[in-house]
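Presented below is the structure to which this report refers.
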Amino acid sequence: MSSIAVIDYGMGNLHSVAKALEFVQPGVEVRVTADPEQVRSADRVLLPGVGAIRDCMAEIRRLGVDREVAEAIASGKPFLGICVGYQALMQHSEENGGVDCLGQFDGQVRFFGDDLKDSAGERLKVPHMGWNCVEQTRDHPLWAEIDNGSRFYFVHSYHVQLGQRDQVAATCEYGTQFDVALQHKNVFATQFHPEKSQKAGLQLLKNFLNWDGTL
C-alpha cells in the first residue's frame, strides 16, 4: 500500500488535505504525523501550512520538522509543499517583520502591498482570496490532465519570488506576476490550495500520489 506523510506541526489544513488524498486514491495510507520515523518510512511527504509564518516556523523548529523536511527532500522521495508549506521552503519572508525560513530554495516571500492595483488601475484587496488562473511555465508530471490556465483557490497576503527561474513551474497575476508553483527534482510546491480547488486541484493531488519524483 502506498503511504504519504502529511506533516503535522499544528498549523496546516490537515483534515481537508487528508480527505482529499483519500478521495483521489482510495486505499492510500495517509499519515498525519510529526513522528520522524513515520515521515521517514512514508513513500511521499506533504508539508501543508496556514497562518502566520512566524508561528509556523516556530513550531517547525520546535518540533524538529525542519530536519524532517531537509531529510525528505534529500532522500529523493516525492515531496509536496502547499501554501505556507511552500513559503516555508524559501530563504526569508517579509511577514511579521521578517522571518528566516528553511532556506531549501533561493526565494523571498514578499507582501503584495497596501496599494495593489489591477491593469485598469482598480484597487485590489489583500489578502488575495478566491479563484485565479494559473499559467503553467513548464511541463511537469503534476500538470498531467490539467489544462493550462486552470483556476485554483488562493488565500494569501504574501507571495513567493523564486531566485532560480528554471524552478518556476507556474505563475499567476494579481496586481503583479508572482510564482505560484515550484519544481525541482523530487520537489513540487504550490501557493494555491489544491485540496480546495475542485477538479484541477484534485487532479494535481492524484498526479502527486502517482509521481515517482523524477522529471
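Here are the numbers for this structure:
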| quantity | calculated |
| --- | --- |
| Total residues in the range 56-67, condition open to solvent by less than 70 Å² (accessible area, probe 1.4 Å) and not aliphatic (A, V, I, L, M) | 4 |
| The range 8-54: number of residues that are among the charged types (D, E, K, R) and crowded, with 17+ Cβ neighbours inside 10 Å | 3 |
| Residue list for the range 110-139, restricted to those being more than 16 Å from Ala181 (Cβ to Cβ) and β-branched (Val, Ile, Thr) | Val126 |
| Any hit, the range 141-160, residues being within 22 Å of Ser75 (Cα to Cα), crowded, with 20+ Cβ neighbours inside 10 Å and in contact (Cβ under 8 Å) with a residue 60 or more places away in the chain | yes |
| Qualifying residue in the range 163-175 (condition: open to solvent by 10 Å² or more (accessible area, probe 1.4 Å), in contact with a strand residue (DSSP E or B) (Cβ under 7 Å, 6 or more places away or on another chain), assigned to a strand (DSSP E or B) and free of Cβ contacts under 8 Å to residues at least 40 places away in the same chain) | yes |
| The range 18-33, residues that are free of Cβ contacts under 8 Å to residues at least 60 places away in the same chain and of a type in the set (A, V, I, L, M) | Ala18, Val30, Val32 |
| Where a residue in the range 101-113 is touching a residue at least 40 places away in the same chain (Cβ under 8 Å) and its partner, wherever it lies, is acidic (Asp, Glu), with Cβ under 8 Å and at least six apart | Leu102/Asp66; Gly107/Asp179; Gln108/Glu94; Val109/Glu94; Val109/Glu95; Arg110/Glu94; Phe111/Glu94; Phe111/Glu95 |
| Yes/no for Gln87 being open to solvent by less than 10 Å² (accessible area, probe 1.4 Å), under 18 Å from the mean Cα position of the chain (by Cα) and modelled with pLDDT of 95 or more | yes |
| Those residues of the range 180-199 which are at negative phi, in contact (Cβ under 8 Å) with a residue 60 or more places away in the chain and open to solvent by 10 Å² or more (accessible area, probe 1.4 Å), in sequence order | His184, Asn186, Glu195, Lys196 |
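The values are calculated or read from the model by the stated rules, or taken from the named source; none is laboratory data. Given the structure is predicted, the values throughout are model-derived calculations rather than measurements. Positions of Cβ are generated from backbone atoms using ideal geometry, with glycine treated the same way; all protein chains shown enter the neighbour counts. What goes into the accessible areas is simple: the full protein's heavy atoms, side chains included, and nothing from ligands, DNA or RNA. Shrake-Rupley method; radii C 1.70, N 1.55, O 1.52, S 1.80 Å.
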